[in-house]
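All remarks here apply to the structure that follows.
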C-alpha cells in the first residue's frame, strides 16, 4: 500500500531552494504561497459511500491524535503527516482516509467503494463503522455523516422515502447535474444521512461537491454549539439586569456613605458575575459567527437550484438556524450592554463615595486646623508663663548676689533698687532667647 495523497506541485520557494534572481526569500513565503493548495478536492468516482466524523479536540488531544495517526501510517508502511501539515490523505486498500485538523476539531473522512446497484444507505452505516475503528477517536464525537453518492437511474431514483418528509431539504447544484438531499436528522446508527444523485458530474466536480456538502453539515453543527451556552447564560443575565435596575433605583435614595459603599460592593459583585460568564462565552460566540459565515459561503459556492415543492438547504437552514444565531447574538449584545451599564453605575457610585469622603476630609481638616490653633494659643500662653517663671528664678538668683555684695559693703545703695532694675532686663533677655529657639526649630522643620 502506498500514500495516495495528490501530487501537489509546490512553488520553488521552500527553504534551501533557489529564488528568482537568487534573492533572499522570506521564511514564510513558501507557506503563504502553498496555502491555496493545502486542501485540494479529491476526485470522486460514482458510486461512493462516505462516512465523515468530526471530533472536538484541544491542544493536547490534537497532538496525541497526530502521533497516533503517524504510528498507524507507519504500521501500514506509509509516511504519516508532517508536523506542519493540517490535512492528510492515505489509501487503505479499497478505502481511503482523509484527516484534517482544525483549531478546535478534527475530522476523519472515510471513502468507501460502493456498488452501482446498491440501494441508498445500504448496508447501514453501523455495519460499516465497525470496519473503520482502526484509529481511536481523538475526542468527543460531534459530527457523524453518512453520505451516499449514486448515479442517476431510469426511472429517477426516489429520494423522499429515505428521509423524514417534514424536515427534508433537496436542491440541485448550479448546473443541475447533481441533486443532494438530507433531513438533518440522526438515524438509528447515529448518523445524519445525505444522499447525492449524480446526473453527469466528472470526478473532480463530484469530489468538490461532496467536500462542500460535508463542510456545510460540519460547520452547521459547530455553529450551533453556542446555543446551549446562550440558553445557559440567559437566566443569569436577566437576573443581573433586574438587580441592576433595583440598585440604580436605590442609588436615588442613598445619601449616606455607608449605603453608597454597600451599593458599590453589590455592583462590583454583579460585574464580576457578568464578566465571568462573558469570558467563558466570548470565544464560543465568536466561533459561532465564523462557522455560520463559512456554512453560508459553502452553500453560495454550490449555487443551489430549487426543487419544486421542497425547501433548498439554504432556505431550510436559514429558517431553522436564524433564530438560534439571533439568540446567540442577542445574548452577546446584552452582555456588552449590561457590562457598560454596570460600569457607568459603578463610576457614578464611586464619584458619590469620593465626594462624601472629600466632605469628611474637609471636616476633619477643619477640626485639625481648629485644634492646631488652640494648641498654638496654649503654646503661646505656656511660653509667656515660662518666661515669667524663668525671669522670677533668674531675678531671685540675682537678688542673692546683690544682697551678698551689699553686706560686703561693696554696694553703696540698697540692693532692692538694683534687683528692681534687673527685672526688665532679665525678662527681655529670656523672652528673646525663647523666641530665637522657637524660630530655630520652625526653620529646622521647614
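Let me see the P(r) profile for region 40-202: every Cα-Cα distance counted, bins of 10 Å, each bin given as a percent of all pairs. Final binned percentages: 9, 36, 34, 17, 4, 0.
With no solvent and one point per C-alpha, what does the Debye sum give as log10 I(q)/I(0) for region 170-292 at q = 0.14, 0.15, 0.17, 0.22 Å⁻¹? Here the Debye-derived log intensity ratios amount to -0.77, -0.83, -0.95, -1.18.
Between residue 167 and residue 340, the FRET efficiency estimated from the beta carbon spacing at R0 = 41 angstrom works out to 0.50.
Kirkwood Rh and Cα-based Rg: tell me the resulting Rg over Rh for region 377-445, rounded to two decimals.
Radius of gyration over Kirkwood radius for region 377-445 works out to 1.16.
The residues 237, 194, when put in order of fewest to most other Cβ atoms within 10 Å, stand as 237, 194.
So if R0 is 41 Å, what FRET efficiency would residue 232 and residue 367 give, r being the distance between their Cβ atoms, rounded to the nearest 0.05? So, using R0 = 41 Å, E works out to roughly 0.15.
Regarding the chain, what whole-number volume in Å³ per residue does the convex hull of its Cα atoms give? Write out the running numbers ahead of the final one.
Working: hull volume 140.1 nm³, N = 446.
Residue-normalised Cα hull volume stands at 314 Å³.
Between helix 313-407 and the chain there is an angle of about 10 degrees, using the helix long axis and the longest principal axis of the Cα atoms.
What do you get when you divide the Cα radius of gyration of region 226-364 by 2.2 N^0.38 Å, with N the number of residues? Please report the intermediate quantities before stating the final value.
Values: Rg = 22.6 Å, N = 139, 2.2 N^0.38 = 14.3 Å.
Region 226-364 yields a ratio of 1.57.
Note on 328, 73: ascending count of other Cβ atoms within 10 Å places them as 73, 328, the fewest first. At full extension, residue 357 and residue 438 could sit 25.6 nm farther apart than now, given 0.36 nm per residue minus the alpha carbon distance.
Stretch residue 315-residue 421 to full length: gain in nm at 0.36 nm per residue minus the Cα-Cα span?
Length gained, residue 315 through residue 421: 26.1 nm.
Would you list 188, 347, 273 from fewest to most Cβ contacts within 10 Å?
Working: 188 8, 347 11, 273 16.
So the ranking, lowest neighbour count to highest, is 188, 347, 273.
On a full-extension model of 0.36 nm per residue, what is the gain between residue 383 and residue 300, subtracting their alpha-carbon distance, rounded to one decimal in nm?
Values: separation 83, 0.36 × 83 = 29.88 nm, distance 9.78 nm.
Contour length minus the Cα-Cα distance gives 20.1 nm.
Sequence gap at least 6, Cα distance under 8 Å: using those rules, report the relative contact order of the chain to the nearest whole percent.
Values: 520 pairs, mean separation 59.3, N = 446.
The value is 13 percent.
For region 75-158, the Cα gyration tensor yields ellipsoid semi-axes of 28, 15, 13 Å (square root of five times each eigenvalue, largest first, whole Å).
Could you quote the convex hull projected area for region 118-216, Cα atoms only and averaged over all directions, in nm²? Each step should come with its number before you reach the end.
Details: hull surface 29.6 nm².
Convex hull of Cα atoms, orientation-averaged projection: 7.4 nm².
Compared with the dominant principal axis of the Cα atoms in the chain, helix 415-445 is inclined by about 10°.
Every number here is computed from the coordinates shown, using simple stated rules; none is lab data. All values reported here derive from a predicted model rather than from experimental measurement. Note that each Cβ is placed from the backbone with ideal geometry, even for glycine, and that neighbours are counted across all protein chains shown.
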